[in-house]
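Read the structure below first, then the notes.
Quick note: the coordinates plus some simple rules give every number you see, no bench work behind them. This structure is a prediction, so every number in the text was calculated from the model and none was measured. Heads up, the Cβs are rebuilt from the backbone with ideal geometry, glycines too, and the neighbour counts pull from every protein chain shown.
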Ligand SMILES: [Mn+2]
């Protein structure tokens, strides 16, 4: 693996976690030369651990990430280019991977496996193709590994499929149930509900999965979104269209529905049927499409 020993002293827990992450990454990337579709069955306890650790990382990040723009590293710099350096030479911005795990591995091979390159993924890791668990599993591993080893180098945003009401029906729920458990699907959901939704690169480039709402007037509206939160509609948008504009600074209502953390008892794996999600507020004549 390209992961090298970290420079800074790490606590024993951090070292234990990094060893566990490296073991997961090794297992997940061992199939890079295998035929596409070769499954990697990580133990469920590792996936649960990944989700819980990643959830904590997401909550520690702002809802709107602010990332450095890529710059050329100084040619004669004594700084090692791969650790603890603020200079970003490349930032790869990647769109939907949708459970296409062999394509994700190819993408990382072409762009450079971290830490050789920096990445910002724009969401939609799950659904549609058959290896959502490996896809989101590897991305969470990389997020966690580089959060410790080289902060500010690997980021994940939330897509519209990182939402229980969508990934319940577009494949991720079925995959979790078939290969693991409904409980694991719920644990992933708790993690997704805490992901940041947008990023600004170099103060100039606004990145997000979906479209811009006509009600979005200030990036502070994104920063102010509370988490954990569920997506109630296909695209993030601001409601309150009829609110008096004279108020000027009246914060509009975002169509994320803040949710309280689920108590562990509600995440019991006993039932094979998913929880009923709140009815989606769809407009009449709006086709129920998903991207
Ligand atoms: Mn998509």
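Annotations
- Look at 185, 49 and count the other Cβ atoms within 10 Å of each Cβ; fewest to most, that gives 49, 185.
- Fewest-first sequence of 110, 195 by Cβ atoms within 10 Å of each Cβ: 110, 195
- Measuring nothing but how far apart in sequence close Cα pairs (under 8 Å, 6+ apart) lie, relative to its length, segment 146-195 scores a relative contact order of 35 percent.
- Normalised contact order of segment 111-178, rounded percent, pairs of Cα under 8 Å and 6 or more residues apart: 44 percent
- Rg over Rh for segment 95-224 works out to 0.97, using Cα positions for both radii and the Kirkwood form for Rh.
- Neighbour counting of Cβ atoms within 10 Å sorts the residues 218, 153, 12, fewest neighbours leading, into 12, 218, 153.
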